[in-house]
Amino acid sequence: MADVHPEHAQLQADRIYLGWQYILLHPDPGPPPKRPSPVEDQPTTGEDDPARLALLRRERLQEDMLNRPVRLFRTFMLVVTALILAAAVAGYLTWPFALLGVVAAGGVAGICTFALLQGDRAVKHRVAEQQAKDERRRRERDRELFRAQEEHAQRYREWQEQKDRHDKQLTWYAVAVPDELDRIDVAGGTLPGWSALVTLLGATRLYSGGHLTVLDLSEGAIAKDLIELARKGGDDPLVWVLPGDLAKLDLGATLKPEAFADVLAHVVSVSEEHRSTRDLSFDNAILERVLEVLGENATISQVTAALRALAQVGDPRDDLRFGLITATQLERIGTLFGRGVSDRVVIERAWALESQLRKLESLGTEAVRLPPARLRVVSMDRQAGMFGNRVLGTYVATALTHILRQSPASDRPWYHTIIVAGADKLRGDVLDRLMDACETSRTGLVLTYRSLTPAVRERLGRGHAAVAFMRLGNAEDARVASEHVGTEHRLELAQLTETISDSLPGLDGGYISTVAQVEDARDDRDESHDLAGDITESTEWGRTADKISEKERVLQRSREFLVEPHQLQQLPTTSVIVTDATAQGRRVRLADANPAILAFPKTTLGELEHVRDAVLALDPSAQDGDGEPPPNLGPPPPRLDWRKGRQ
């Protein structure tokens, strides 16, 4: 059975981590149930009970009011009896007649007295009966109160269990895609958002034992945090900042003349988007013939010197004097294409080729032997011209393509991963060739696009690729993205994601070149490193999240939204909507690419679906009434050894 406890979880080399998904499997149960309280005015059975005395007084008052005529009549009859006796004694009445009157009047008075006594007994009986009824009612209330307290105790135990589940549950689940995919296309996003995603992707790939190459065409230094994180973990990344480090860049130096000519032809096509494959073939033919004359290991400066001679630009004696070409080569170049009508066409193309390639003349002129590095970053200097950066970016991408085409397929997919940030600055055919080369060599490829141009739309998700959408500022891009994802999907966004995104400062500074500072000999480092701790200490994401982590309990809230254009334009900086195809169909998940979430105590490296399945496999009775497993899956994530990642 699978073990889903975080202390046993490890980053898996066959998973590509794109962020974490905020899910509360068990919602907050709310306040505890209110305890039932007994009625305070319960009657008692004592003789001096105030309630009993009050009832007795009330009944007697009522009885007195009803018996007042009887009592008055009795008094009258008693007075009549007394008068008759007095008259008999005085001799006014005879005694037989007086006795008869006394018996009659006294009898009536006796009857009235008996009626009054009966009324008094009735009052006492009603009071006793009411008291008995109150006693029965009190006992019933006591029984009901006892039952209510038992039910409250049961509800409180259930509430306590739900509260414990809610408090102990994991809240952040990994969002990953299998390495069976060939590519990940990321559309939209800001520079800080790309920085978070690149840092997360790079950290997890490096920890898994892989190698990473970042081609940063964004001019925003988005891999800066990743570089610091790699250094913190014991690696020495190599960073080229072009065009400053162009002389030290030896990329493409080992290419064969045919491949080198193809690379240069694509570099020239940067400024000529309308040029067709036929035009590229013509440029390629010119460059191939020039390289045949120059021989193998020809440099860019030699190629530009030969093109100047072919285009009849400048004085070739200057190039002869600097040793860029020889007299024999100059003579052969002059006879490459004969002296026909096509000369003018060749001269114009040679002139155009030379004007573009001269930006690469210093390429590899000061190349040195560099130590191997698992992280390599090639970036464009933001102070350089936009056109020059496009030329340099196209060269690096095309040279990488040819190197991958010549390399055998890797035994492990995504062992080498290439990230191209700002891929929309490359021509469509350059991207197509890079995609094909990565697919055949089983090299992982991540492409980020700032905007969804027509060329990007027709390539988005093409082939076996996952698509991720970040914040899309353009309304038309947001519309296209919502149609791609589907507006019927309802996603849950954590408030913590919005809070951290709003608190992050912008990217400052740029890259610092390392290729001029590296040494061939390095001390072996075998100490273990805590990846989560390194993220917290060495990245801006970790430092910002650490300041807000104390508020995490308060911010355990989220909101739902539909995938609509206006919502995509307001996504937090680090939010990523990931769509990929599975055997059950296409799935859509909302992730937070903030790498600092790895250090949160309620983060798991397992995916939501796998955690559910594993919990149910371990304990089938763990499935509750709503079909969800309990999320109490153990303590915080483990300490992750940066250099000793388990495969």
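Give the residue, chosen from Leu633, Leu562, Leu640, Leu618, that is at pLDDT 80 or above and either among the hydrophobic types (A, V, I, L, M, F, W, C) or open to solvent by 10 Å² or more (accessible area, probe 1.4 Å) (or both).
Numbers: Leu633 fails: at pLDDT 80 or above; Leu640 fails: at pLDDT 80 or above; Leu618 fails: at pLDDT 80 or above.
The unique qualifying residue is Leu562.
Need pairs with beta-carbon distance below 6 Å; first residue in contact (Cβ under 8 Å) with a residue 12 or more places away in the chain and within the range 314-337, second hydroxyl-bearing (Ser, Thr, Tyr) and outside any loop (DSSP other than H, G, I, E, B); sequence gap 6+ or separate chains.
Sorted first by the residue in the range 314-337, then by its partner, the pairs are Leu324/Ser301.
For the range 597-612, does any single residue satisfy the condition of being over 20 Å from Leu25 (Cα atoms), modelled with pLDDT under 85 and part of a loop (DSSP other than H, G, I, E, B)? Can you show your working first?
Restricting attention to the range 597-612, the residues satisfying the condition of being over 20 Å from Leu25 (Cα atoms) are 599.
From the residues that got through so far, the ones that are modelled with pLDDT under 85 too are 599.
Now drop any that are not part of a loop (DSSP other than H, G, I, E, B), which leaves none.
No, that holds for no residue.
How about the range 157-168: which of its residues are surrounded by 15 or more Cβ atoms within 10 Å (Cβ to Cβ) and more than 27 Å from the chain's Cα centre (by Cα)? Can you show your working first?
Applying the first criterion (surrounded by 15 or more Cβ atoms within 10 Å (Cβ to Cβ)) to the range 157-168 yields 159, 162-163, 165-166, 168.
The answer is Trp159, and nothing else.
Select the helices (runs of 4 or more DSSP H) contained entirely in the range 311-420, then report the ones holding at least 2 residues which are open to solvent by less than 20 Å² (accessible area, probe 1.4 Å) and in contact with a helix residue (DSSP H, G or I) (Cβ under 7 Å, 6 or more places away or on another chain).
Details: elements: 316-321, 327-334, 343-357, 386-406.
Because the criterion is at least 2 residues that are open to solvent by less than 20 Å² (accessible area, probe 1.4 Å) and in contact with a helix residue (DSSP H, G or I) (Cβ under 7 Å, 6 or more places away or on another chain), the helices (runs of 4 or more DSSP H) in the range 311-420 that meet it are 343-357, 386-406.
Residue under question is Asp167, and the condition is that it be of a type outside the set (Val, Ile, Thr) and free of Cβ contacts under 8 Å to residues at least 12 places away in the same chain; does it hold? Outline the logic, then answer.
On the way: of a type outside the set (Val, Ile, Thr): yes; free of Cβ contacts under 8 Å to residues at least 12 places away in the same chain: yes.
Yes; evaluated as a whole, the condition is true for this residue.
So which helices (runs of 4 or more DSSP H) are wholly in the range 438-504 and hold at least 2 residues that are polar (S, T, N, Q) and farther than 18 Å from Val578 by Cα? Walk me through how you get there before you give the answer.
Details: elements: 454-457, 475-485, 495-503.
Here the list reads 495-503.
For the range 121-146, which positions are among the charged types (D, E, K, R), surrounded by fewer than 15 Cβ atoms within 10 Å (Cβ to Cβ) and more than 60 Å from the chain's Cα centre (by Cα)?
Once the filter is applied, which keeps residues that are among the charged types (D, E, K, R), surrounded by fewer than 15 Cβ atoms within 10 Å (Cβ to Cβ) and more than 60 Å from the chain's Cα centre (by Cα), the range 121-146 yields Arg121, Lys124, Glu129, Lys133, Glu135, Arg136.
Among the residues of the range 192-216 satisfying the criterion of being open to solvent by 10 Å² or more (accessible area, probe 1.4 Å) and more than 24 Å from the chain's Cα centre (by Cα), which is farthest from Ala174 (Cα to Cα)?
Here the residue is Thr213.
For the range 457-498, give me each residue that is at pLDDT 90 or above and of a type in the set (S, T, N, Q).
Ser482
Can you work out which of the residues in the range 280-307 that are of a type in the set (Asp, Glu) and in a helix (DSSP H, G or I) is modelled with the lowest pLDDT?
Asp283
Kindly indicate whether any position in the range 225-233 is over 21 Å from the mean Cα position of the chain (by Cα) and surrounded by fewer than 17 Cβ atoms within 10 Å (Cβ to Cβ).
Scanning the range 225-233, I find at least one residue that is over 21 Å from the mean Cα position of the chain (by Cα) and surrounded by fewer than 17 Cβ atoms within 10 Å (Cβ to Cβ), so the answer is yes.
Any chance the range 69-88 includes a residue that's at negative phi, within 60 Å of the chain's Cα centre (by Cα) and modelled with pLDDT under 80?
No: zero hits.
The values are calculated or read from the model by the stated rules, or taken from the named source; none is laboratory data. These numbers come from a predicted model, not from an experiment. Backbone-built Cβ (ideal geometry, glycine too); neighbour counts: all protein chains shown. Side chains are part of the model used for accessible areas, which takes the heavy atoms of the whole protein and leaves out ligands, DNA and RNA. Shrake-Rupley method; radii C 1.70, N 1.55, O 1.52, S 1.80 Å.
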